[in-house]
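The values are calculated or read from the model by the stated rules, or taken from the named source; none is laboratory data. Predicted, not measured: the structure shown is a model, and the values here were computed from it. Using ideal geometry, Cβ is built from the backbone for each residue, glycine included, and neighbour counts are taken over all protein chains shown.
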Amino acid sequence: MTPQQRIRLARRHAGLSQAALGAAVGVQRSAVGHWESTRGKHPSMAHLREIALITGVQFEWLATGRGKMDLSQDTVLDSVAAADAVLVDDPLELRLLAAFRDAPLRAKAPLVELAEQMAELRTGRVRGAGPSGGARPAR
């Protein structure tokens, strides 16, 4: 089975139209059509991850064709949503985490840097090393 066929099967298994899947992933319906087309483009890994989560199929199966299509009960319990319910009990932290996850990839590093700068202003402490691995310069 081709990657395009697996995407189509996962979408249909979840009972979603191309438009509904596109809206859930954050792309146009035409992008989903391209992903399902035999000569179409392949989705990014981030989009594949979203498709797997939204349709309830195993990411490995969707990306490679290996393994089972459906999620096992253990995988469902170990999902990010279940982990959030256990690990994040502060509503503001949960909002921040949800906003970070919904942000486009290019905006995530600036969001983290902004949160770190705000924490430094509030506490007066510099947090760890920057993304380059070295100590961050004093401001």
Open item on the list: Out of Gly15, Gly40, I need the residue that is over 19 Å from the mean Cα position of the chain (by Cα) and exposed (fewer than 13 other Cβ atoms within 10 Å of the Cβ). Which one?
Closed with: Gly15
Task: Subset of region 3-53 (residues that are under 17 Å from Gly65 (Cα atoms), among the β-branched types (Val, Ile, Thr) and at pLDDT 90 or above) - done: Ile7, Ile51
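Restricting attention to region 21-30, report how many residues are in a helix (DSSP H, G or I) and either buried (at least 18 other Cβ atoms within 10 Å of the Cβ) or under 17 Å from the mean Cα position of the chain (by Cα) (or both).
Narrowing region 21-30 to residues in a helix (DSSP H, G or I): 21-25, 29-30.
The next check asks that each one be either buried (at least 18 other Cβ atoms within 10 Å of the Cβ) or under 17 Å from the mean Cα position of the chain (by Cα) (or both); those that pass are 21-25.
Result for region 21-30: 5.
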Task: Every residue from region 31-54 that is part of a loop (DSSP other than H, G, I, E, B), farther than 21 Å from Lys108 by Cα and of a type outside the set (S, T, N, Q) - done: Arg39, Gly40, Lys41, His42
